[in-house]
Structure formats: C-alpha cells, structure tokens
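Colleague: Right, I'll just put the structure down here and ask away after.
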Amino acid sequence: MKEIERNCKKRLFLNWFVQALVFVITGLSLVPLFFILFYLTKQGIGSVNWSFLTHLPRPVGESGGGVLNAIIGTLIIASLSTIMAIPIGVTAGIYLAEKKTGKLVHLLRLSTDILQSTPSIVLGVIAYLWIVKPAQSFSAFSGSVALAMMMLPTIVSSTEETLKLIPYTLKEASLALGVPYYRTVLKVILPSGISGILTGTLLGIARIAGETAPLLFTAFGSPYLNFNLFKPMNALPLVIFNYASSPYLEWWRQAWGASFILIVMVLCFNLLAKWGASKWKIKF
Amino acid sequence: MEDKILITEKLYAYYGEHCVLKDVNLEIPKFKITAIMGPSGCGKTTLLRCFNRLHELSPGGRIEGQIWLGKTNLLSLNPIMVRRKIGMVFQRPNPFPTMSIYDNVIAGYKLNGIKIKREEADQIVETSLKKAALWNEVKDFLHRKGTFLSGGQQQRLCIARALAMHPEALLLDEPTSALDPKSTAHIEELIIELKDSVTIVIVTHNIGQAGRVADYTAFLYLGELVEFGPTERLFTAPKDKRTEEYLSGKFG
Amino acid sequence: MKDIKTDRRDIFFHKVLALASWVVVCLVLGILITLILSSLPIFKAAGLGFLFHKVWDPVNHRFGAMPFLAGTLLTSFLALVFSLPFSLAIALFLGEYFYQGAIASFFQSATELLAGIPSVIYGLWGIFVLVPLVRKLEMKLGILPYGVGIFTASLILSIMIIPYAASIAREVISLVPTELKEAAYGLGATRWEVIKHIIIPYARSGIFAGILLSLGRAIGETMAVTMVIGNNNQFPTSIFAPGNTMASVIANEFTEATSNIYLSALIGIALLLFLVTTVVNIIGRYIIKRLSVKK
C-alpha cells in the first residue's frame, strides 16, 4: 500500500509540474507580443501627429514630413487587389462548393493550396516578370497583381467553406419554386453566404495590407503623391522597410510612426472582420 | 369518378444503378388530398420528388416512364416549368433567411425574375398568407425577416410561398415531422381547408395523419405501389396482406 | 422559347464557374512555367552545379546558391527548434487545459494578434530591439558582435511562427476523440499521463504536419529575415555569422540585378524556393487532411 501511495504522490507531482510548465511557457510566449506592442506604441505614438498624416516625405536633412502618399498608396493598392481577386476568387469558390468532386475540383484545390503556400517574394518576382519587365516601369498595378494573387486563395477557401455550410434545404426550396440553377446560386445561396465571404475578404485585406516583399520590385515606392496606377507608388510597408534600413535617425523615428499607422490599419480590418462575422451572420 | 390530375404510367426511378421505384401506376384525383405512405426507404419521398422532377437533381437521379399533369407530359417539359406549376413543401421549414416575410411569399416571382406590380404583389401576399392561415399572425411585421417565427409558422410561410405561385398541385413531404403536436394539428386543419382550391399530395409515415386528412391513400412498399384507394376503404378493408400488416404496425 | 433561354443561361453560368477555376489553375501553372523559363539561362550556364556552388559573386559572374540554401535551412531549422516548446505549450494550454472561457479567448486573441503583425514590423522591431540585445549576448560570449546574423533571424522567425504552429497543433489536439481521453481518466490516469500516452501519440502525425507547415512558413518568410540577417553572401560559418536566405537574397539583390544571367540566377533561387515550400506544404496538408478524415 505504501508503495502505491508513494507512486501516486509522484504521479500527482509530475502532473502538477507539467501543468505549471505549460502555463509558464505559454505565458512566456506572449512576452514578445507585449514587447513589440510596447515599442510600437512608445516609439510610434510619439511620431504620429496630424502633419505626419497629411504631409509628403521630405528629403534627408529637412525635419518634418509625413507619409500621406504611403497611406494613400496602401489604400489604392489594396483596393485594386481586392477588386481583382474577388470576382475570380468568389466564382472559383462557388465552383468548389457546388461541384464537390471532379478533375477540375482537385486541380483547383491543389492550385489554391500551392498559391496559399507560395512565398510572397516569389509572387513579387512573378509580377515583375509578367508586368514590370514588359512595361519597363515599376507600377502600382503590378504590385496589386502580386497582392491579388496572395489574396486569391483566402477568398476561394472562405467562399467555399461558407457556402458549404448553407443548408441544402434552402437550395431545394428555391429549385422547387422553379427557379433556374444559376438564379438559385446567385439570388439564394450567395446572399446567404455573403457574411462569410465578406469576413474572408476583410481578413485577406488585413493580410496583404502589411505585405512588403511583393511590392519591393513592383510598386517600388516613390517620394511623391501619385494616383497613376502605371507609375511607381509608395506604400506603408515600403516606407517602413526603406526608412528602417536608412542610416538617419529622423527616418527611423518615422519608420516607427508608419508602423504604428500600419498596425492600426491591419487591426481595424481584423476587428471589422470579426465584428462583421457576428453582425451580418444569417440564421438558418 | 373524379377528374384525375397527376397520372404516372410505368414510372421507374433510379439512383445510379439502384432502382427505387418500380412500375408505379398512380392516378391522383383533382382537388382531393392523397396520402402516400409506407415504411422508411420505400420510395415515397422519391415518388413525390418525381412529380416536380427534383429527383433528377440528386446524384445519379433518373426517371423513366411517364408523368402527366392533366394533358401535359411533365417529362417532356423543362423541369423549371414543371416546378412552377407544382409547389412543394419540405420536411423542415426552409424560409429564405435573407428575405423578409413579404419577400418570402413572393419569392417565386422575385427569384424567377417575373415582374409584378406593387399592388398585385400586395394582393398575392395577402391572399397567400390568408390561405395559409398565417395572415393574422404576421400582418403587422411583413417586412421583418421570417426566421424569428416558430417552426409551425415558418412551415405555414413555406406553404404560403408555394401557394403564391398558384400551383395546380401541392406536394407536401412529411410537412409536420419537425413540428410539435399543436403545430401539427394546425397544419393538418389547414391542409383540409386548402383542398378546395388545390390538389394535395402528402407523404407521411404517420398512419394516423393519413387517416385524418387524406381522401385517398397510396401504400408503397420497397418501391412498388402495393395498393391505392379511398382512405376509408384502404384502412378498413385492405386488399393486400402487406398493407394490412403495415397498418397493424408489423413493420416500419 | 423561354425554356431554351434558361437552359442556355444555366450552361453559360456553369461555364463561367469553370472558367474562373481554370484561371486559378492556369495562374499557378503560369507561375511555375515562368519561373522555369526565366531561370533556364543560369541552369544552362552552370547546370545543376548552380545549386551546389558555394560562391556567389555577381561581379565576377559566379553564381552558386549554396550559401543561401544553407542560410535558409539553418534559420528555419533553428526557428523551429526555438519555437517548438512554446507552440506545443500553447497548443496544450488552449487545446487541453483551457479550451474555453475568458483565459482561452484572451490567449486566442493574443496569438491571433501576434500572427497579424506584418512581417516588416517584426523586422523593424528586430533591428532596433533584438539586434542590440543579441549584440550584448555576443559580447558576453566573446564572439564578433555583429548583432545581425543567422541567430537573430532565427529568433525573429521563431516568434513569427509560434502562433501559426500553435493553431495547427491545437486543431490537431482537439481532434483526439474525447472517449479515448475519458477512458484513460476513468482508469485513474492523471492529466499529464493522458497527454503523454493518449494525446501525443494520437496527434503525433498531425503535430509532425504542423511542424512541416511551420517550416514552409519559415522558409518563405522574407522581410523580417532580410532586415536582421546581415546580408552576407559567404557560406555561413557559425550560427552567429551574418548570412542570407534564399528569400532575403532575392529581396536584396533583385533590383540590382543588371545582367540577364544575374537576374536568371535570382529567379532560379525563386524557383527553388517555390518548389521547396510547395512540396513541404503539400505533404503537411495531406497529412492533416488524412487525419481529419480519419476522425
């Protein structure tokens, strides 16, 4: 009996020990997060003010200057990518949800998986080879194409997953009213899944808005405010990268400021997605 | 004899190679309630889904033989036209969650892109909801989503949606199997009231329900039509042994 | 008449759906073909030796991808080692100890937040916070205090892949049937014994898949690594030495590639990167898919 009791104590101690270990390590893993957020806020907030948001960059040596062009550039490039990715992504997602099996379904699944795992820098190389090189000019458009390719798999899979959750009875109800298949999909199934698709899209935007690698040799960056899609355009991640690798104190400060704005933007898209997911949710 | 409206001749239905209906010859009388009953898996739902050709949408679904709606051969028509002439109500209430009650009733018009005037739409909504005995309960919030209604109300909304298309026949696929007894009684009363204006075919595995509402009853077993006749006659003096066994609760 | 019109529209609709799907498929094929065609010159010039040469000297037209292969392997592998205990702990914490409630949702949001921070911000933080710290460490250890280098890059990478690895591991752990766990508890096992004898063995292949997918992530990660790795094209001699990964050398030198062969060499590296991440990911996803089906 003594033997068993001692054994039990040992086991219970080990159990307690592992639990404590798991808790401590989990807690520790959040340290970098707070560390990063702390620095971002500390360094960032100090650099962000009205003139930082509303002015263009100034040359080295002059103080002041802001990142207005980069904010606008990021918004333009991200919107353009979204506009390009949504029609193809949603349509392909419908195909996956409706067909379920077949050769093209397998190919499409494989392709979205590959695209999802492709490093963003490779997509930048591709956009360079497809657009920048033939056009002989860096452009916002080529950057958007690279980001759209990044966004595509997110939209395809969120569309597919949302539509798969819609009860089949809804489709039957529509078909039994004599509604043609295409109208059933467009007017019954798609509206019922719209919240999931929008959430997926917002998460996709949040993911691409902070991407730098695909823009390095496509949108390239520019110190000017530019609305021409076929000219180089600035973006917040590019500003952060370029300023951080510069040797100037003032630019480092601005890099933190730009990071702060970027993280707020990304967070907003994430929160919007979460909020939208519950707000637009459709009960069946 | 009364007019016949839905007639099947040598009807066979398949799922891939699997034959689920064998040589069904059935004549469904106009403006009457016909119940189709039988144990689970006997093909009663499939038969119903042949009438509006939903069966063909199931994977491997195939129909052979003939189905007549009055003088028109349903199998030669486009399925879409068939479904506009024959309404259907399903086991579980399935109002469209994105639409208001109003829009749910005229969904058949909206989704099909059939243009109707505003007053006409109002008229259709009111009469359909009245026919479905739902008007008094929902008339004050027609423009709210239908999903907050109770199960029974939702099912009556689905009936109104089907009636709005002025169908020649209404197919009910175990319409009360997901409802509580009170809502079930309500729907049964409604079905009886409706038979003056529309032919009703109801699938049920509840023998009592068939006895309560149906003028005629068909008994299906293993994909075959075993017996068909006036409900009273079928219940009191079944000609086939299998019908008798089923009614006495031997199987299913 | 109207019937035919509807039928035609339905057929057209199906064609549009299929067309969009083909666009995605062709996009991926196009990426592969473009990479292969554009990297042909370097493979013609150097053959497969391109992959194994240890010297990368664009000025003298000598292109060997080995330093970058080594850099990528080292950083990703180290990052995995650093992050594994953390991601496993989080996965157990969220998947077994606290799978619901306020604490769980707090940690859930925190890891999601960590995953949502753009890579370039990790890089910025790395340059100004992590690099000085590593430099101090290196001084204590008595080695050249670069601060930047493979070790620093691995640290950043490990922070970045923790949330990703943890979420996969958590998902896999939640796939362990409750009946199995309850059976073990019913026999008097402690929680640790259930984890050790039931959960870990059951989830082993899934955790392996998670490791593979995180590896894929780490291999392809560009910006944060580029900013702290030191951009040195020598074959790395120690884990504290500055180096370059496949992704970071492309990021650094692509716009400077003046000659065709130089560009082609960089695209060759991109092709390699694409193939490696694709293979690693497909294997990982395949394992996870099989695991979920098994359940």
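Colleague: Farther than 24 Å from residue A:114 by Cα, within 23 Å of the chain's Cα centre (by Cα) and at pLDDT below 90: does that describe residue C:49? Explain how you work it out, then say what you get.
Modeller: Working: farther than 24 Å from residue A:114 by Cα: yes; within 23 Å of the chain's Cα centre (by Cα): no; at pLDDT below 90: yes.
No, not satisfied.
Colleague: Oh, and also: Please state which one of C:158, C:105, C:76 is part of a helix (DSSP H, G or I) and touching a Leu at 6+ places or on another chain (Cβ under 6 Å). Don't jump to the end; show me each part of the working.
Modeller: Working: C:158 fails: touching a Leu at 6+ places or on another chain (Cβ under 6 Å); C:105 fails: touching a Leu at 6+ places or on another chain (Cβ under 6 Å).
After ruling out the rest, the residue left standing is C:76.
Colleague: I'd like to know if the stretch C:9-31 contains one or more residues that are outside any helix (DSSP H, G or I), within 13 Å of another protein chain (Cβ to nearest Cβ), closer than 30 Å to residue A:179 by Cα and without any contact (Cβ under 8 Å) to a residue 12 or more places away in the chain. Can you show your working first?
Modeller: Initially, the stretch C:9-31 is screened for residues outside any helix (DSSP H, G or I), giving none.
Within the stretch C:9-31, none of the residues are outside any helix (DSSP H, G or I), within 13 Å of another protein chain (Cβ to nearest Cβ), closer than 30 Å to residue A:179 by Cα and without any contact (Cβ under 8 Å) to a residue 12 or more places away in the chain.
Colleague: Then there's this: Can you spot a residue in the stretch B:181-191 that is touching a residue at least 24 places away in the same chain (Cβ under 8 Å), more than 14 Å from every other protein chain (Cβ to nearest Cβ), under 28 Å from residue B:68 (Cβ atoms) and of a type outside the set (S, T, N, Q)?
Modeller: yes
Colleague: Moving to a separate point now. Name the residue that is nearest to the other protein chains (Cβ to nearest Cβ), counting only residues in the stretch C:113-132 that are in contact with a Pro (Cβ under 7 Å, 6 or more places away or on another chain) and buried (at least 21 other Cβ atoms within 10 Å of the Cβ). Break it down stepwise before answering.
Modeller: Initially, the stretch C:113-132 is screened for residues in contact with a Pro (Cβ under 7 Å, 6 or more places away or on another chain), giving C:114-115, C:118, C:120.
Then keep just the ones that are buried (at least 21 other Cβ atoms within 10 Å of the Cβ); that gives C:114, C:118, C:120.
Values: C:114: 5, C:118: 3, C:120: 4 Å.
Residue satisfying both the conditions and the ranking: C:118.
Colleague: Follow-up. In this structure, is residue A:57 surrounded by 22 or more Cβ atoms within 10 Å (Cβ to Cβ) and at pLDDT below 95? Lay out the reasoning, then the answer.
Modeller: On the way: surrounded by 22 or more Cβ atoms within 10 Å (Cβ to Cβ): yes; at pLDDT below 95: yes.
Answer is yes for this residue.
Colleague: Among the residues of the stretch C:134-154, are any outside any loop (DSSP other than H, G, I, E, B), at pLDDT below 90 and charged (D, E, K, R)?
Modeller: No, the stretch C:134-154 contains no residue that is outside any loop (DSSP other than H, G, I, E, B), at pLDDT below 90 and charged (D, E, K, R).
Colleague: Give me the pairs: first residue in the stretch C:229-256 and within 13 Å of another protein chain (Cβ to nearest Cβ) and free of Cβ contacts under 8 Å to residues at least 40 places away in the same chain, second residue among the hydroxyl-bearing types (Ser, Thr, Tyr) and not in a helix (DSSP H, G or I), beta-carbon distance under 9 Å, and six or more apart or on different chains, which are they?
Modeller: What qualifies is C:250/C:222; C:251/A:212; C:251/C:222.
Colleague: Here is a further query. Condition (residue is closer than 19 Å to residue A:63 by Cα and either buried (at least 19 other Cβ atoms within 10 Å of the Cβ) or modelled with pLDDT of 90 or more (or both)) applied to the stretch A:211-222: is it met by at least one residue?
Modeller: First pass over the stretch A:211-222, keeping only residues closer than 19 Å to residue A:63 by Cα: A:222.
Going one step further and asking which of them are either buried (at least 19 other Cβ atoms within 10 Å of the Cβ) or modelled with pLDDT of 90 or more (or both), we end up with A:222.
Looking for residues that are closer than 19 Å to residue A:63 by Cα and either buried (at least 19 other Cβ atoms within 10 Å of the Cβ) or modelled with pLDDT of 90 or more (or both), one finds at least one in the stretch A:211-222, hence yes.
Colleague: While we're here: Can you name every one of the helices (runs of 4 or more DSSP H) wholly within the stretch A:87-201 that holds 1 or more residues which are under 30 Å from residue C:39 (Cβ atoms), in contact (Cβ under 8 Å) with a residue 60 or more places away in the chain and within 7 Å of chain C (Cβ to nearest Cβ)? Lay out the reasoning, then the answer.
Modeller: On the way: elements: A:103-117, A:120-127, A:140-165, A:168-176, A:181-184.
Where helices (runs of 4 or more DSSP H) fall fully within the stretch A:87-201 and carry at least 1 residues being under 30 Å from residue C:39 (Cβ atoms), in contact (Cβ under 8 Å) with a residue 60 or more places away in the chain and within 7 Å of chain C (Cβ to nearest Cβ), they are A:120-127, A:140-165.
Colleague: What residue, of C:73, C:78, is surrounded by fewer than 22 Cβ atoms within 10 Å (Cβ to Cβ), within 24 Å of the chain's Cα centre (by Cα) and over 30 Å from residue C:176 (Cβ atoms)? Before the answer, list the steps.
Modeller: Details: C:78 fails: over 30 Å from residue C:176 (Cβ atoms).
None of the others qualify; the one that does is C:73.
Colleague: With a cut-off of at least 1 residues that are surrounded by fewer than 23 Cβ atoms within 10 Å (Cβ to Cβ) and in contact with a Cys (Cβ under 6 Å, 6 or more places away or on another chain), name the strands (runs of 3 or more DSSP E) lying wholly within the stretch B:13-84.
Modeller: So the answer is B:61-69.
Colleague: Would you check if residue A:76 is under 19 Å from the mean Cα position of the chain (by Cα), farther than 27 Å from residue C:156 by Cβ and within 10 Å of chain C (Cβ to nearest Cβ)?
Modeller: Values: under 19 Å from the mean Cα position of the chain (by Cα): yes; farther than 27 Å from residue C:156 by Cβ: yes; within 10 Å of chain C (Cβ to nearest Cβ): no.
Criteria not met by residue A:76.
Colleague: Here's a follow-up. Considering only the stretch C:82-99, I want to know if a residue exists there that is surrounded by fewer than 24 Cβ atoms within 10 Å (Cβ to Cβ), more than 7 Å from chain A (Cβ to nearest Cβ) and not in a helix (DSSP H, G or I).
Modeller: There is at least one residue in the stretch C:82-99 that is surrounded by fewer than 24 Cβ atoms within 10 Å (Cβ to Cβ), more than 7 Å from chain A (Cβ to nearest Cβ) and not in a helix (DSSP H, G or I).
Colleague: So which residues in the stretch C:169-199 are of a type in the set (Val, Ile, Thr) and either touching a strand residue (DSSP E or B) at 6+ places or on another chain (Cβ under 7 Å) or within 13 Å of chain A (Cβ to nearest Cβ) (or both)?
Modeller: We begin by selecting, within the stretch C:169-199, every residue of a type in the set (Val, Ile, Thr); these are C:172-173, C:176, C:178, C:190, C:194-195, C:198-199.
If the condition is that a residue be of a type in the set (Val, Ile, Thr) and either touching a strand residue (DSSP E or B) at 6+ places or on another chain (Cβ under 7 Å) or within 13 Å of chain A (Cβ to nearest Cβ) (or both), then C:173, C:190, C:194, C:195, C:199 are the ones that fit.
Colleague: Right, here's the next one. Select, from A:272, A:236, the only residue that is over 14 Å from residue A:47 (Cα atoms), hydrophobic (A, V, I, L, M, F, W, C), at pLDDT 95 or above and touching a helix residue (DSSP H, G or I) at 6+ places or on another chain (Cβ under 7 Å). Lay out the reasoning, then the answer.
Modeller: Numbers: A:272 fails: at pLDDT 95 or above.
The conditions single out A:236.
Colleague: Let me ask something else. Given the criteria away from chain C (no Cβ under 14 Å), under 24 Å from residue C:26 (Cβ atoms), among the β-branched types (Val, Ile, Thr) and without any contact (Cβ under 8 Å) to a residue 12 or more places away in the chain, does residue A:83 qualify? Show your work before the answer.
Modeller: On the way: away from chain C (no Cβ under 14 Å): yes; under 24 Å from residue C:26 (Cβ atoms): yes; among the β-branched types (Val, Ile, Thr): yes; without any contact (Cβ under 8 Å) to a residue 12 or more places away in the chain: yes.
When the stated conditions are applied, residue A:83 passes them.
Colleague: Report, by residue number, each residue of the stretch A:29-56 that is at the interface with another protein chain (Cβ under 7 Å from one of its Cβ atoms) and either more than 30 Å from residue A:235 (Cα to Cα) or β-branched (Val, Ile, Thr) (or both).
Modeller: Scanning the stretch A:29-56 gives A:29, A:36.
Colleague: Can you tell me which residue within the stretch B:216-252, out of those that are surrounded by fewer than 20 Cβ atoms within 10 Å (Cβ to Cβ) and of a type in the set (A, V, I, L, M), is farthest from residue B:27 (Cα to Cα)?
Modeller: B:247
Colleague: Looking only at the stretch A:127-149, decide whether some residue is over 30 Å from residue C:267 (Cα atoms) and small (Gly, Ala, Ser). Step through it out loud before you land on a result.
Modeller: Taking the stretch A:127-149 as the starting set, the residues that turn out to be over 30 Å from residue C:267 (Cα atoms) are none.
No: zero hits.
Colleague: Check whether at least one residue in the stretch C:39-57 is within 12 Å of chain A (Cβ to nearest Cβ), touching a Pro at 6+ places or on another chain (Cβ under 9 Å) and under 20 Å from residue C:277 (Cβ atoms), and report yes or no.
Modeller: If we filter the stretch C:39-57 for residues that are within 12 Å of chain A (Cβ to nearest Cβ), which is where we start, we get C:39.
With the extra rule that they be touching a Pro at 6+ places or on another chain (Cβ under 9 Å), the set shrinks to none.
No, because not a single residue in the stretch C:39-57 is within 12 Å of chain A (Cβ to nearest Cβ), touching a Pro at 6+ places or on another chain (Cβ under 9 Å) and under 20 Å from residue C:277 (Cβ atoms).
Colleague: Let me ask something else. From the list B:163, B:179, B:171, B:190, exactly one residue is surrounded by fewer than 24 Cβ atoms within 10 Å (Cβ to Cβ) and either within 30 Å of residue B:81 (Cβ to Cβ) or at pLDDT 95 or above (or both). Which is it?
Modeller: Details: B:163 fails: surrounded by fewer than 24 Cβ atoms within 10 Å (Cβ to Cβ); B:179 fails: either within 30 Å of residue B:81 (Cβ to Cβ) or at pLDDT 95 or above (or both); B:171 fails: surrounded by fewer than 24 Cβ atoms within 10 Å (Cβ to Cβ).
Checking each option against the conditions leaves just B:190.
Colleague: Output the number of the condition that residue C:145 fails; it satisfies all remaining conditions of (1) surrounded by fewer than 24 Cβ atoms within 10 Å (Cβ to Cβ); (2) under 23 Å from the mean Cα position of the chain (by Cα); (3) away from chain A (no Cβ under 14 Å).
Modeller: With respect to (1) surrounded by fewer than 24 Cβ atoms within 10 Å (Cβ to Cβ); (2) under 23 Å from the mean Cα position of the chain (by Cα); (3) away from chain A (no Cβ under 14 Å), residue C:145 is out only on (2).
The values are calculated or read from the model by the stated rules, or taken from the named source; none is laboratory data. Note that this is a predicted model, so its numbers are computed, not measured. Ideal geometry is used to build each Cβ from the backbone, glycine not excepted, and the neighbour counts take in all protein chains shown.
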